[in-house]
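The values are calculated or read from the model by the stated rules, or taken from the named source; none is laboratory data. Everything quoted here is computed from the prediction, not taken from an experiment. Quick reminder, even Gly has a Cβ in these numbers, built from the backbone with ideal geometry, and neighbours come from all protein chains shown. These area figures cover heavy atoms from the full protein model, side chains too; ligands, DNA and RNA do not enter into them. Shrake-Rupley method; radii C 1.70, N 1.55, O 1.52, S 1.80 Å.
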Amino acid sequence: MTTDTIFDFKEYLALRRGLIEGRLESYMQGHKKSLCFSYKTNSGEPKVLWDAMRYSVLSGGKRIRAILCLASAEALSGIPADERALPCACALELIHAMSLIHDDLPCLDNDDFRRGRPSNHKVYGEAMALLAGDALLMQASQLLIEESKNLVPASSVLDVVSALCQATGADGMVGGQVDDLNYTGATDKQLDENTLVSIHRRKTGALLSFATWSGAKLAGADDVMLSLFAKFGELLGMAFQITDDLLDTTGDMATLGKTPGKDEASNKLTFVRLFGIDGAKERLNEISKQAKAVLGEIKAQGKSKDLRPLESLFEYAINRVN
Ligand code: GRG
């Protein structure tokens, strides 16, 4: 991929999505290979558990986290579909699927629909949905370690797994979700922008920032580049969640694939609640400028190849309809 060729983002997205879908499909079928450990890996058993896991992993979705990971590696290596980032890209989709399953449970967001079909617990029941999420959480780390260890140095694999745990756990997505719950139904007096930013940064931003950081890490980026890629992902994450807040207000069930208007109904702390639709859009503009500036800094380092996919992915994140 060189910058003197015409870049077709639609084609780029379709090719990367196809690649990720193919890998996930094959991974979730189970390899039935044995490890030194006495259990089979990906045994496919119990069948109902694997069916529930597959139901959510293989149900489409934009695959933006996986593609961001891949695009970040490609931006540095110039290798299309850089193999070194593919296991991590897939692991991200497993973690994301797990978070959607748990998020939809009656004890959290209580949503009956996801990606245009019944949510996991509506098909498999709450207990199985909970357990499918738990299994996917561990499956993600296993996939990442097993499939990366022959492609990149072991120390990089360890750093990436550690960062994934951080982005997913109490300091990342789970912590953000807990504060999201804590502030749901709060009175206007208790709400401020810092709290909101802190929730979005962890609940949604941590995984997206991990996606760009890990792609760069697996392609051998130095510390300066790593922090720039992490920053770009963080800004994209914030913009992605503000767009989500807006879509919850302006979108419809058929396009969103999930129930709209839930934030307002549950009195959730969102950008729209705090600043109104126009105010949320203003903040989105501000973040877009910051993200472009970070891409400029990445370019100025003189170590990247083609940044157009990342640029387009940002635009896609804020102009999406679902
Ligand atoms: C048990 C580790 C663990 C975590 C569970 C439920 C939970 C903690 C966290 C919720 C995280 C969450 C669902 C955040 C919302 C992020 C978001 C905007 C999701 C929608 O992502 P898209 O639009 O979905 O990328 P698709 O369907 O396109 O993949």
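Please arrange 161, 57, 178 by accessible surface area, largest first, computed with a 1.4 Å probe and ligands excluded. Before the final figure, lay out each step's value.
Working: 161 25, 57 0, 178 70 Å².
Output order, biggest surface exposure first: 178, 161, 57.
Once the whole set of protein chains is in place, how much accessible area is left on residue 184, using a 1.4 Å probe, in Å² to the nearest 10?
Around 50 Å² of this residue is reachable by solvent.
Can you work out the FRET efficiency for the pair residue 285 and residue 49, with r the C-beta to C-beta distance and R0 = 56 Å, to the nearest 0.05? Spell out each step's value before the answer.
Working: r = 45 Å, r/R0 = 0.80.
That pair, residue 285 with residue 49, gives E of 0.80.
For the chain, just say rounded, prolate or oblate: build the C-alpha gyration tensor, square-root its eigenvalues into a ≥ b ≥ c, call rounded for a/c under 1.5, and beyond that prolate if a/b exceeds b/c, oblate if not. Walk me through the numbers on the way to the answer.
Values: a/c = 1.64, a/b = 1.05, b/c = 1.56.
Oblate shape, in that a/c is at least 1.5 and b/c is the bigger or equal ratio.
Determine the gain in length on full extension of the stretch residue 278-residue 123; use 0.36 nm per residue of separation and subtract their C-alpha separation, reporting nm with one decimal. Please list the in-between numbers first.
Details: separation 155, 0.36 × 155 = 55.80 nm, distance 3.83 nm.
Stretched fully, the residue 278-residue 123 segment lengthens by 52.0 nm.
Suppose we flag chymotrypsin sites (Phe, Trp or Tyr not before Pro) only when DSSP calls them loop and at most 11 other Cβ atoms lie within 10 Å. Which is the longest uninterrupted stretch of the chain? Mind dumping the intermediate values first?
On the way: sites that count: 37, 39.
Within the chain, the longest run free of exposed chymotrypsin sites (Phe, Trp or Tyr not before Pro) spans 40-322.
Within the chain, which whole H helices from DSSP have a Cα span along their axis of at least 24 Å and a mean Kyte-Doolittle hydropathy of -1.0 or more, if any?
Values: long enough: 9-29 (30 Å, -0.45); 86-104 (27 Å, 0.91); 126-148 (33 Å, 0.74); 223-250 (40 Å, 0.67); 271-300 (38 Å, -0.05).
Span-like helices, by this rule, are 9-29, 86-104, 126-148, 223-250, 271-300.
Which one of 164, 294, 86 is farthest out on the positive end of the charge dipole of the chain, using unit charges on Cβ (Lys, Arg +1; Asp, Glu -1) and the Cα centre as origin?
Value computed over the given set: 86.
Which one of 177, 29, 166 has the biggest mean-square fluctuation once the chain is modelled by GNM with Cα springs under 10 Å?
The residue with the greatest mean-square fluctuation here is 29.
If r is the Cβ-Cβ distance from residue 165 to residue 6 and R0 is 45 Å, what FRET efficiency results, to the nearest 0.05? Write out the running numbers ahead of the final one.
On the way: r = 40 Å, r/R0 = 0.89.
For residue 165 and residue 6, the calculated efficiency is 0.65.
Using 1/(1 + (r/R0)^6) with R0 = 41 angstrom and r between the beta carbons of residue 107 and residue 319, what's the FRET efficiency to the nearest 0.05? Don't skip to the answer; put the middle values down first.
Working: r = 33 Å, r/R0 = 0.81.
For R0 = 41 Å, the calculated efficiency reads 0.80.
Given a 1.4 Å probe and the protein chains all in place, what does the accessible area of residue 262 round to, in Å² to the nearest 10?
Accessible surface of residue 262 is approximately 50 Å².
Any idea how far apart residue 154 and residue 83 come out in nm if each label point goes 7 Å out from Cα toward Cβ?
Going from the residue 154 label point to the residue 83 one covers 2.1 nm.
Quick check: residue separation of residue 267 and residue 197 times 0.36 nm, minus the Cα distance between them. What number comes out in nm?
Values: separation 70, 0.36 × 70 = 25.20 nm, distance 1.68 nm.
Extra length available between residue 267 and residue 197 comes to 23.5 nm.
Multiply the residue separation of residue 182 and residue 252 by 0.36 nm, subtract the distance between their alpha-carbon atoms, and state the gained length in nm to one decimal. Display every interim value, and only then the final one.
Details: separation 70, 0.36 × 70 = 25.20 nm, distance 2.69 nm.
Here the answer is 22.5 nm.
Give the carbon-plus-sulfur fraction of the accessible surface of the range 111-270 in %, rounded to a whole number; probe 1.4 Å, heavy atoms of protein chains only. Write out the running numbers ahead of the final one.
Values: 3720 of 6860 Å².
The nonpolar share, carbon plus sulfur, comes to 54 percent.
Could you work out [θ]222 nm for the chain from helices alone, using -39500 (n - 2.57) per DSSP H run of at least four and dividing by all its residues? Round to the nearest 500 deg cm²/dmol.
On the way: 15 runs with 218 residues, N = 322.
-22000 deg cm²/dmol, from helical runs alone.
Need one value: the accessible area of residue 244 in square angstrom, 1.4 angstrom probe, rounded to the nearest 10.
For residue 244, the solvent-accessible surface is approximately 40 Å².
Taking the Cα centre as origin and putting +1 on Lys and Arg beta-carbons and -1 on Asp and Glu beta-carbons, what dipole magnitude results for the chain, to the nearest 20 debye?
On the way: 37 positive and 43 negative charges, 138 e Å.
That gives the chain a dipole magnitude of about 660 debye.
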